[in-house]
Amino acid sequence: MNFDFSEEQVMLRDSVARYVQDDYDFDTRRGIAESEAGIDRAKWQTFAELGWLSIPFEEEFGGFGGGAVDVMVVMEELGKGLVLEPFFATVLLYGGLLQKAGSAAVKAERIPAIIDGSELGAFAYLERQGRYELTDLKTTATQQGDNYVLNGEKVAVANGANADYFVVSARTGGEQSDDSGISLFLVPANTEGVSRVSYRMMDGQILANVVLDNVSVPTGHLLGTEGDAQAVINEVVREANLALSAEAIGIMETLNSKTVEYARTREQFGVAIGSFQALQHRMVDTFMSYEQAKSLLYRAVCALTDDEMDTDEAIHALRMMITKSGKHIFGEAIQIHGGMGITDELDIGHYAKRLMMIGATFGDGDYHQAKFNSLRYN
């Protein structure tokens, strides 16, 4: 099987890598993380001008028409720079749901606004009692005339603090944890009854809890068919898990290279610590962990691209390996760097914290292990 990237994908990867290297160093990233918004709108506009925000969208709406491989190469490079701007939340989650469930009119209006950088969005799906189960919903949507009225609360909404629009999952039927009866709604953030409380996570990302108190939206803001949204959500989350895994791969590669470079220059007992055989063995082990995770990423991307029967198994296995390898690699990076490895002044700890947050998004390792087991052995 040929794993070489196309000429366009190589150019895309190099474009993101060059930008991260030249314009998104660690000090720049720290400054953005400490700002009130937690993102830099000027940099987001640069992403738009470089064409990155168009990657997964259909050409008829001004998109690039890219697939899972194109998204993978972008996310891997963004991971290397710990980029805070909401490519994942706005383009892949919010934009992905609009593309798969929105009407032609909604897509024609909203997707170009995402591509040109003028609109930020978020997917509000997680609830306090739900943990990682996307179908465990108490948020309700009741039709009243030509409107739907939404009530409920969503927590830990990525990019929720800066979003101009939300895609909200809500129950229009069924019981609390049923797969059926779930619908998606497009909700402008400035709608009466929408309130949000933002907070900063340990990786620098700013999330928000969003409360919907008798929020009224037109029936035209229903995305897709009422009560049948779970299949679309599963499809978008499947792709999101691959994107998060690619970001994690970029972080792992960076941690390994930084650790090797540190071991070559840090001296103890008059020699570089990289000459100690025990540390060499540990760094080889982290390299192997990275390679195993990367191999599973390629396997899962191929399964999704070729629409194979075991795509879900491959993705759950990948997320399990990302969690396992991530812990191994950032743990060794911190240990080899010593006490300063976890300090705020050194980037190693920030990469580690981002890996931890990825491991808690759309399910941790135990969750994906259980899902994999149920698919493989039941």
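The values are calculated or read from the model by the stated rules, or taken from the named source; none is laboratory data. Remember, it's a predicted structure, so these values are computed and weren't measured experimentally. As a convention, Cβ positions derive from the backbone with ideal geometry for all residues, glycine included, and neighbour counts pool all protein chains shown. Just so you know, the surface numbers come from the protein's heavy atoms only, side chains and all, with ligands and any DNA or RNA stripped out. Shrake-Rupley method; radii C 1.70, N 1.55, O 1.52, S 1.80 Å.
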What number of residues in the stretch 195-217 are open to solvent by less than 30 Å² (accessible area, probe 1.4 Å) and either in a loop (DSSP other than H, G, I, E, B) or in contact with a Leu (Cβ under 6 Å, 6 or more places away or on another chain) (or both)? 4
Quick one: in the stretch 324-333, which of the residues that are open to solvent by less than 30 Å² (accessible area, probe 1.4 Å) and in contact with a Gly (Cβ under 7 Å, 6 or more places away or on another chain) is farthest from MET252 (Cα to Cα)? ALA333
Qualifying helices (runs of 4 or more DSSP H) (wholly inside the stretch 1-83; at least 1 residues being surrounded by 13 or more Cβ atoms within 10 Å (Cβ to Cβ), among the charged types (D, E, K, R) and within 18 Å of the chain's Cα centre (by Cα)): 7-23, 26-34, 68-80
Taking the stretch 236-288 only, how many residues are touching an Asp or Glu at 6+ places or on another chain (Cβ under 6 Å) and open to solvent by 70 Å² or more (accessible area, probe 1.4 Å)? 1
Testing LEU50 on (1) without any contact (Cβ under 8 Å) to a residue 40 or more places away in the chain; (2) touching a Gly at 6+ places or on another chain (Cβ under 9 Å), one condition comes back false. Which one is that? (2)
Qualifying positions in the stretch 287-318 - touching a Phe, Trp or Tyr at 6+ places or on another chain (Cβ under 8 Å) and closer than 20 Å to GLN369 by Cβ: GLU313, HIS316, ALA317
Of all residues in the stretch 218-235, which are part of a helix (DSSP H, G or I) and touching a helix residue (DSSP H, G or I) at 6+ places or on another chain (Cβ under 7 Å)? VAL232, GLU235
Looking at the stretch 333-378 only, could you name the residues that are of a type in the set (Gly, Ala, Ser) and at negative phi? ALA333, GLY339, GLY341, GLY349, ALA352, GLY359, ALA360, GLY365, ALA370, SER374
Looking at (1) on the phi < 0 side of the Ramachandran plot; (2) buried (at least 19 other Cβ atoms within 10 Å of the Cβ); (3) part of a loop (DSSP other than H, G, I, E, B), which is the only condition TYR148 fails? (3)
Note on THR140: of the conditions (1) open to solvent by 10 Å² or more (accessible area, probe 1.4 Å); (2) β-branched (Val, Ile, Thr); (3) touching a Phe, Trp or Tyr at 6+ places or on another chain (Cβ under 8 Å), unmet is (3)
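Yes or no, residue by residue, for (1) crowded, with 24+ Cβ neighbours inside 10 Å; (2) of a type outside the set (Val, Ile, Thr); (3) in contact (Cβ under 8 Å) with a residue 60 or more places away in the chain; (4) part of a loop (DSSP other than H, G, I, E, B):
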site: THR90; (1), (2), (3), (4): yes, no, yes, no
site: TYR94; (1), (2), (3), (4): yes, yes, yes, no
site: LEU97; (1), (2), (3), (4): yes, yes, yes, no
site: ALA108; (1), (2), (3), (4): no, yes, no, no
site: ILE114; (1), (2), (3), (4): yes, no, yes, no
site: GLU119; (1), (2), (3), (4): no, yes, no, yes
site: GLU127; (1), (2), (3), (4): no, yes, no, yes
site: GLY130; (1), (2), (3), (4): no, yes, no, yes
site: GLU133; (1), (2), (3), (4): no, yes, no, yes
Check on MET321, under 22 Å from ALA89 (Cβ atoms) and either open to solvent by 50 Å² or more (accessible area, probe 1.4 Å) or part of a helix (DSSP H, G or I) (or both): no
